[in-house]
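Colleague: I am attaching a structure below and will ask some questions about it afterwards.
The values are calculated or read from the model by the stated rules, or taken from the named source; none is laboratory data. These numbers come from a predicted model, not from an experiment. Ideal geometry is used to build each Cβ from the backbone, glycine not excepted, and the neighbour counts take in all protein chains shown.
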Ligand code: SF4
Ligand code: MG
């Protein structure tokens, strides 16, 4: 993903002046085959918009997305259709993703028909296999979505995403709506499926402990910008960006020896319509210096894949 930008035009105020919600600014990253890339940040920071642009469910304002070396940014609908077979997305709310009047076996088989995969008479057997893979039973085939719990529905949605034999799945807050006890079951299932189906994930979440559990690398987003990126262990043991440090200081730490003082950020997140000049984090940054108000910090490689955008780190 190179220099991705998304500005949503809006009208505001009494005179209906034209303005832009700057949801994503100059965003670049690479996701490697077989890995889980965790993208984390507060709600409204542009994570989901980024995920949708990567799948071309949303056209970027500028920038480009390459998939397996192919630039898909300007693919036609027909070309996108073929690429989509390999790319799936699952959302936070599994219930709204399922048709309440459709038996789940049929719902899972549907993408196979849409993409003309295999022969129709094989579909039922394939669905039964998928049900087993996601931890459901054959007798669930004829049941309706309301007969399942939230966790089970997320399993159904996963089975449907897997029906097209995808390579890449964007998981947009897939466990945020579930009870904590169920969350780890679904995270473990995602890891199991990654092995079984050789999947690559972009895992979007606002919860750092969830991201830590599942990701190989983590990117931290703030107001549409990628501010830090590192292998998971490095990010949690040696966070470099002041925003990442503040986020981490809010995560409960069971070991009192490791507990750090909580960094409380002043003021609210600024509006993405009027982004602050210089570093977008400067109005809330406890360490801001004069330069921060004027000059945009660029993402710099600090070695071993740790990248950070901050004037104080070099
Ligand atoms: Fe804080 Fe300045 Fe670093 Fe931005 S560039 S995070 S304002 S110290
Ligand atoms: Mg979101």
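Colleague: Going residue by residue through segment 251-260, is there one that turns out to be at pLDDT below 95, within 16 Å of ligand 1 (Cβ to nearest atom) and farther than 19 Å from residue 304 by Cβ?
Modeller: Checked against the condition, which is being at pLDDT below 95, within 16 Å of ligand 1 (Cβ to nearest atom) and farther than 19 Å from residue 304 by Cβ, segment 251-260 yields no hits at all.
Colleague: On to the next question. Look through segment 43-90, keep the residues that are within 16 Å of ligand 2 (Cβ to nearest atom) and modelled with pLDDT under 90, and return whichever of them is farthest from residue 151 (Cα to Cα).
Modeller: 44
Colleague: Still on this structure, I have one more. Would you point out which residue out of 97, 59 is touching a helix residue (DSSP H, G or I) at 6+ places or on another chain (Cβ under 7 Å) and more than 16 Å from ligand 1 (Cβ to nearest atom)?
Modeller: 97
Colleague: Which count do you get for residues in segment 111-143 that are touching a helix residue (DSSP H, G or I) at 6+ places or on another chain (Cβ under 7 Å) and in contact (Cβ under 8 Å) with a residue 40 or more places away in the chain?
Modeller: Total meeting the criteria: 7.
Colleague: Does residue 272 satisfy the condition of being within 16 Å of ligand 2 (Cβ to nearest atom) and either crowded, with 20+ Cβ neighbours inside 10 Å or within 20 Å of the chain's Cα centre (by Cα) (or both)?
Modeller: Criteria met by residue 272.
Colleague: OK, next. Taking only segment 265-312 into account, find how many residues are in a loop (DSSP other than H, G, I, E, B) and either under 19 Å from residue 39 (Cβ atoms) or more than 7 Å from ligand 1 (Cβ to nearest atom) (or both).
Modeller: Residues flagged as in a loop (DSSP other than H, G, I, E, B) and either under 19 Å from residue 39 (Cβ atoms) or more than 7 Å from ligand 1 (Cβ to nearest atom) (or both) within segment 265-312 amount to 29.
Colleague: Determine the pairs where a residue that is more than 12 Å from residue 224 (Cα to Cα) and in contact (Cβ under 8 Å) with a residue 40 or more places away in the chain, located within segment 265-287, has a partner that is assigned to a loop (DSSP other than H, G, I, E, B) and within 8 Å of ligand 1 (Cβ to nearest atom) with Cβ atoms under 9 Å apart, the partner being 6 or more residues away or on another chain.
Modeller: Sorted first by the residue in segment 265-287, then by its partner, the pairs are 285/279; 285/310; 287/310; 287/312.
Colleague: Turning to a different aspect of this structure: Tell me which residues, restricted to segment 114-131, are surrounded by 16 or more Cβ atoms within 10 Å (Cβ to Cβ) and outside any helix (DSSP H, G or I).
Modeller: Of everything in segment 114-131, just one residue is surrounded by 16 or more Cβ atoms within 10 Å (Cβ to Cβ) and outside any helix (DSSP H, G or I), namely 117.
Colleague: Separate question: Show the residue pairs that are 6+ apart or on different chains and have beta-carbon atoms under 9 Å apart, the first residue being within segment 167-194 and farther than 22 Å from residue 44 by Cα, the second being within 16 Å of ligand 1 (Cβ to nearest atom) and part of a strand (DSSP E or B).
Modeller: Between residues of segment 167-194 that are farther than 22 Å from residue 44 by Cα and residues that are within 16 Å of ligand 1 (Cβ to nearest atom) and part of a strand (DSSP E or B), there is no close pair.
Colleague: Considering only segment 132-242, give the strands (runs of 3 or more DSSP E) lying wholly within it that have at least 3 residues that are modelled with pLDDT of 95 or more, more than 16 Å from ligand 1 (Cβ to nearest atom) and over 21 Å from residue 107 (Cβ atoms).
Modeller: Fully inside segment 132-242 and qualifying: 200-205.
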